[in-house]
1. Restricting to the range 90-129, name every residue that is buried (at least 17 other Cβ atoms within 10 Å of the Cβ) and of a type in the set (Asp, Glu).
2. For the range 57-81, name all the residues that are among the small types (Gly, Ala, Ser) and modelled with pLDDT under 80.
3. Residue 104: of a type in the set (Val, Ile, Thr) and touching a helix residue (DSSP H, G or I) at 6+ places or on another chain (Cβ under 9 Å), yes or no?
4. Do we find a residue being basic (Lys, Arg) and either over 24 Å from residue 17 (Cβ atoms) or in contact with a Cys (Cβ under 7 Å, 6 or more places away or on another chain) (or both) anywhere in the range 79-94?
5. I'd like to check something: does the range 30-46 contain any residue that is within 16 Å of the chain's Cα centre (by Cα) and either modelled with pLDDT of 65 or more or among the hydroxyl-bearing types (Ser, Thr, Tyr) (or both)?
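The values are calculated or read from the model by the stated rules, or taken from the named source; none is laboratory data. Here the structure is a predicted model, which is why all the values come from computation and not from measurement. All Cβ positions, glycine included, derive from the backbone under ideal geometry; neighbour counts span all protein chains shown.
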Amino acid sequence: IPALMAAGGLALVWIAWKLLSQDGAGHEIRPAATFWSAMQTIVIADAAMGLDNVLAVAGAAHGSFALVVLGLLISIPIVVGGSALLMRLLERFRWIIHVAVAIIAWTAASMIAKEPLLEPFLRGNAAATIALYAAIVGGLPVMGMVRARRLARRRGAYTAPCTTASGSTATRTS
C-alpha cells in the first residue's frame, strides 16, 4: 500500500510527541453518566488495546487455531502484568519515558526511510537519510525540552526531574 510506511512513521512521531508533551498533571476524565455508558467505554478500550496483541499472536500462529489460543493465554497475563510493572517504573523513574521516545523516534525514522515512495530519493542520498533521522530522533527531544521550559516559565521556575542516589525522584530548579 503506497505511503503506508510513511503514515505509520508519522503516527509514531505523533505518539512520541504526545509522550513528551505530557506535563504530569493527568487528564480530566468525566465519570460515565450511566452503567451502560461506562460498560461501553470499557469494552471499546479493551478492544482497542487488545487488537494489536491478537493480530501479533494470529500472525505468529500461521493459521493454527491451537497456537492462537495458546498464544493469547500466555500473552494476555504478560501484557497485563507488564503494564502494571511499567506504570510503577514510570512513576519512579521518569527518564524511562525519554528512552521510550528515542526508541519510538528511531522506529518512526526507519519506517519513513523505508517508504517505497521515498526510497528512490533516499537510497542514493546519505545526507537526506541522515537529515531525516536527525530531524526526528534529535528534533523530538529538543522540541520536548523547549516546550517543557516554556510551560515551566509560564508557571514560575523550571524544574527538571532527577533521580537521587537513593533512587527516589526529586526536582532540580534551574
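1. 115
2. Of all residues in the range 57-81, those among the small types (Gly, Ala, Ser) come to 58-61, 63-64, 66, 71, 75, 81.
Residues satisfying the conditions are 58, 59, 63.
3. Numbers: of a type in the set (Val, Ile, Thr): yes; touching a helix residue (DSSP H, G or I) at 6+ places or on another chain (Cβ under 9 Å): yes.
Against the criterion (of a type in the set (Val, Ile, Thr) and touching a helix residue (DSSP H, G or I) at 6+ places or on another chain (Cβ under 9 Å)), residue 104 qualifies.
4. Within the range 79-94, the subset basic (Lys, Arg) is 88, 92, 94.
Applying the additional criterion that residues be either over 24 Å from residue 17 (Cβ atoms) or in contact with a Cys (Cβ under 7 Å, 6 or more places away or on another chain) (or both) yields 88.
Yes, there is a match, as at least one residue in the range 79-94 is basic (Lys, Arg) and either over 24 Å from residue 17 (Cβ atoms) or in contact with a Cys (Cβ under 7 Å, 6 or more places away or on another chain) (or both).
5. Within the range 30-46, not a single residue is within 16 Å of the chain's Cα centre (by Cα) and either modelled with pLDDT of 65 or more or among the hydroxyl-bearing types (Ser, Thr, Tyr) (or both).
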